[in-house]
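Before any comments, here is the structure.
The values are calculated or read from the model by the stated rules, or taken from the named source; none is laboratory data. Bear in mind the structure is a predicted one, so any value in this text is a computation, not a measurement. Here Cβ is always computed from backbone atoms with ideal geometry, including for glycine, and neighbour counts include all displayed protein chains.
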Amino acid sequence: MRVVLATHNAHKVEEFQAILGSVLPELEIVAYDGPEPVEDGTSFAENALIKARTAAHHTGLPALADDSGICVDVMNGSPGIFSALWAGHGKGAEANLALLLDQMADIAPEHRGAHFACTIALVVPASGAEHVVEGIWPGALATEAHGGGGFGYDPIFVPVGHEVTAAELTAAEKNAISHRGRAFEAAIPLLRTTLIP
Ligand code: ITT
């Protein structure tokens, strides 16, 4: 069964393939290269559904989308759904990360709690079915960036129970405990029952 992955983020594609490849080899994950929707939802779930619906509509295939981000406690959950564009359009991951570190510069260690959130949407055009699952990865923000793995905010996120950042974990370690890995724990049974005959 072919499933289209409605993302233009190459790091997400890598993590999806690493997580899904070994567990559901029956699924052939194909990249989506059609029109990009406007992500104007007000939650991770709304944005994930917007992306999955667009890809399902343009390809006729079941579509998976991921909307994710980092949510900082003392910032009332920001950057949240604005994580990819926190420093502005076209600025990129380094600028996003630098801005967040700057905004958190005066915040004491005990108030640096944060979590990553990932919502995965599955839209099946043949049946009209729509599903949404979520995963959360709790932790705290470091005061400076460390590590070269992962992507986005990984170099400043210290997962709960760890003393290193997410960017210092191996890809397999990250995928086993991350928000994306946890969302897939919920998505995998759904994918099995919905897509595999
Ligand atoms: P698509 O919409 O094409 O999927 P995107 O990167 O724009 O790609 P989002 O709107 O969901 O996707 O924004 C996700 C952002 O949240 C991402 O660009 C990172 O800045 C951050 N993020 C999400 N998951 C992350 C992870 O595992 N590690 C580090 N940062 C992450």
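Points worth noting:
- Residues that are closer than 15 Å to residue 119 by Cβ, among the small types (Gly, Ala, Ser) and in contact with a helix residue (DSSP H, G or I) (Cβ under 6 Å, 6 or more places away or on another chain), drawn from region 4-49: 6, 41
- When each of 53, 2 is tested for being of a type outside the set (A, V, I, L, M, F, W, C), on the phi < 0 side of the Ramachandran plot and surrounded by 17 or more Cβ atoms within 10 Å (Cβ to Cβ), the lone residue that passes is 53.
- Condition check for residue 173: out of contact with any Cys (no Cβ under 7 Å at 6 or more places or on another chain), outside any loop (DSSP other than H, G, I, E, B), in contact (Cβ under 8 Å) with a residue 24 or more places away in the chain and surrounded by fewer than 18 Cβ atoms within 10 Å (Cβ to Cβ): no
- Any hit, region 15-28, residues being modelled with pLDDT under 95, within 25 Å of residue 139 (Cα to Cα) and near the ligand (Cβ under 9 Å from one of its atoms): yes
- Restricting 147, 90 to those that are on the phi > 0 side of the Ramachandran plot, in a loop (DSSP other than H, G, I, E, B) and free of Cβ contacts under 8 Å to residues at least 12 places away in the same chain reduces the list to 90.
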